[in-house]
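The values are calculated or read from the model by the stated rules, or taken from the named source; none is laboratory data. Note that this is a predicted model, so its numbers are computed, not measured. As a convention, Cβ positions derive from the backbone with ideal geometry for all residues, glycine included, and neighbour counts pool all protein chains shown.
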Amino acid sequence: MLPPEIEQVLHQVQAHANYMPDWQMDKVLREELGTDWETSLFAQFERTPIASASIGQVHRATLKSTGQQVAVKIQFPGVASSIESDLSNLSLLLRTSALLPKGLYLQNTIAVMRRELEDECDYIREAAAGKKFAQLLAGDPFFVVPQVVDEATTGKVLTTEWMDGKPLSRVKNLSQETRDLASRLCLFFFLLN
């Protein structure tokens, strides 16, 4: 779906994604879920993340109360507070260089970016959106939305039902019929937004 050069860069970024040190992850989870988070909420918690992105990392765990497999998304410390500084620096760079495209209203663009990034850092909002999607798609035989686990979700930790999946990078190995279906599904979700 992407040019090979861009795909290679994205694979390198993904392969070299940074993880929080164990002590830092523990600190975030203690602050968000309580000092006894590991023993009170989880029967098992994989301390090595299965994925990492720009604002957080994801761990696989098992709920103590139900035995259900879950995904625990943990926000990196300081991400939300760095948004304003990063956007101010970006604004300064664009204003003082020739990088700003003609006709771009910088302040409006920065304001939209700020709102989007703040929303991205709000896991309570993300949980609510997930619940809304689940409600809208309830009973649909085709779509499944991971259930949010409220007792292990906060503004900086999002816990949902575990769902196995395939990385988007493997789409090129699928049949044309399956790729067409994936494209239609992506279009459907973009239109919902």
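Is one or more of the residues making up region 30-42 in a strand (DSSP E or B), surrounded by 14 or more Cβ atoms within 10 Å (Cβ to Cβ) and in the same structural domain as Arg115 (by TED's automatic domain parsing)? Yes; the residues of region 30-42 include at least one that is in a strand (DSSP E or B), surrounded by 14 or more Cβ atoms within 10 Å (Cβ to Cβ) and in the same structural domain as Arg115 (by TED's automatic domain parsing). The residue pairs whose first member lies in region 45-73 and is within 16 Å of Gln24 (Cα to Cα), whose second member is acidic (Asp, Glu) and part of a loop (DSSP other than H, G, I, E, B), and whose beta carbons are closer than 6 Å, counting only pairs six or more residues apart or on different chains, are His59/Glu46. Taking Leu158 as the residue in question, decide whether it is in contact with a helix residue (DSSP H, G or I) (Cβ under 6 Å, 6 or more places away or on another chain) and either touching a residue at least 24 places away in the same chain (Cβ under 8 Å) or surrounded by 12 or more Cβ atoms within 10 Å (Cβ to Cβ) (or both). Yes: the conditions hold for Leu158. Residue count for region 83-109, restricted to those that are under 21 Å from the mean Cα position of the chain (by Cα) and surrounded by 15 or more Cβ atoms within 10 Å (Cβ to Cβ): 2. The set of residues in region 101-137 being assigned to a helix (DSSP H, G or I), modelled with pLDDT of 85 or more and over 22 Å from Thr154 (Cβ atoms) consists of Leu136 alone. As for region 135-151, it holds no residue that is in the same structural domain as Ile74 (by TED's automatic domain parsing), among the small types (Gly, Ala, Ser) and within 16 Å of His59 (Cα to Cα). Of all residues in region 43-53, those that are small (Gly, Ala, Ser) and outside any strand (DSSP E or B) total 1.
If you go through region 164-193 and keep only what is surrounded by fewer than 12 Cβ atoms within 10 Å (Cβ to Cβ) and closer than 30 Å to Phe45 by Cα, you end up with Asp164, Gly165, Lys166, Pro167, Arg170.
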